[in-house]
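Below is one structure; the comments refer to it alone.
We did not get these values from a lab; they are worked out from the coordinates using the rules stated. Source: prediction; values computed, not measured. Here the Cβ positions follow ideal geometry from the backbone for every residue, glycine too, while neighbour counts run over all protein chains shown.
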Amino acid sequence: MLAIDHIVVAARDPEKAAKDFGKKHDITVTEGGRHANWGTYNFLAYFRNECYIEWIGIFDETTAARSENPLIHLLSRELAEGHEGPIQLAFRTEQMDKDVKNLQNLNVPYTGPIPGSRKRPNGSLLEWRMLFAEAERQVLPFHIEWGKVKNTSQDPKQINDKAISAVSVSATDIDTFASIYQLHFENQTAQLKNAELKISDELRFSIE
């Protein structure tokens with residue numbers, strides 16, 4: 001079963017955006033690191049139900065523009081148009097190869113799996129793969145599969161005693177959406193491993 005892995009928030013200044021959010025919601029935030037191959041960097045807020053918020057910005061416009069990662073394309077476009085805020089949702093999977101086959105069987109175009117990595121502030125390496133299903137006139141959530149280590153804080157004090165209890169996303173065709181992510185919806189709501197997923201008109205989330 002899929003789980004919410006993280007919510008991606010576009011920010012010109014990820015540190016400020018994260019700290020402002022933290023003060024408003026009484027949330028601990030922390031520095032993430034840099035993605036050297038994409039020209040981006042992030043700040044994070046971890047939650048007790050094994051998910052997090054990522055505030056991501058660009059430190060190298062040239063490198064970001066050369067990236068073949070659809071998420072970086074989206075980030076660059078949103079920031080260029082002056083948009084800051086939630087832009088993407090990542091579903092955590094433990095069977096990405098099967099997810100790829102499912103998209104192939106559905107004849108859904110996709111990009112990936114794309115490898116990614118970054119060094120944490122303590123020097124340890126995080127590695128992952130990303131899979132992007134594609135649709136016209138719509139940004140779909142992407143799959144992420146972590147390597148040997150999941151992206152969680154090594155300091156328990158940085159994990160907030162709150163949870164992202166529900167996430168809402170837009171879907172132009174709920175049946176196709178359900179097939180892509182192999183989810184069962186009732187009354188436009190599906191149960192993920194660690195939260196509820198709801199179909200709405202925009203990406204938003206609830207913290208409890």
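Details
- Set Lys162, Lys148, Lys157, Lys193: member being under 26 Å from Lys98 (Cβ atoms), of a type in the set (Lys, Arg), touching a residue at least 60 places away in the same chain (Cβ under 8 Å) and out of contact with any Gly (no Cβ under 8 Å at 6 or more places or on another chain): Lys193
- Restricting segment 86-110 to residues that are outside any helix (DSSP H, G or I) and touching a helix residue (DSSP H, G or I) at 6+ places or on another chain (Cβ under 9 Å), the residue that is farthest from Val139 (Cα to Cα): Thr93
- Top-ranked residue of segment 9-28 - restricted to ones that are surrounded by 22 or more Cβ atoms within 10 Å (Cβ to Cβ) and among the aliphatic types (A, V, I, L, M), ranked as farthest from Glu68 (Cα to Cα): Ala18
- Matching entry among Lys148, Lys119 (being surrounded by 13 or more Cβ atoms within 10 Å (Cβ to Cβ), of a type in the set (Lys, Arg) and over 30 Å from Asp175 (Cβ atoms)): Lys119
- Hey, Ala171 under 14 Å from His6 (Cα atoms) and more than 14 Å from the chain's Cα centre (by Cα) or not: no
- One residue from Glu31, Glu61, Glu50 being surrounded by fewer than 23 Cβ atoms within 10 Å (Cβ to Cβ) and under 23 Å from Glu196 (Cβ atoms): Glu50
- Scanning segment 13-33 for residues that are closer than 18 Å to Leu79 by Cα and under 17 Å from the mean Cα position of the chain (by Cα) yields a total of 3.
- Total residues in segment 123-139, condition small (Gly, Ala, Ser) and surrounded by 14 or more Cβ atoms within 10 Å (Cβ to Cβ): 2
- Residue within segment 166-177 that is within 16 Å of Arg92 (Cα to Cα) and surrounded by fewer than 17 Cβ atoms within 10 Å (Cβ to Cβ) present: no
- Residue check, Ala36 more than 17 Å from the chain's Cα centre (by Cα) and either acidic (Asp, Glu) or farther than 23 Å from Ser124 by Cα (or both): no
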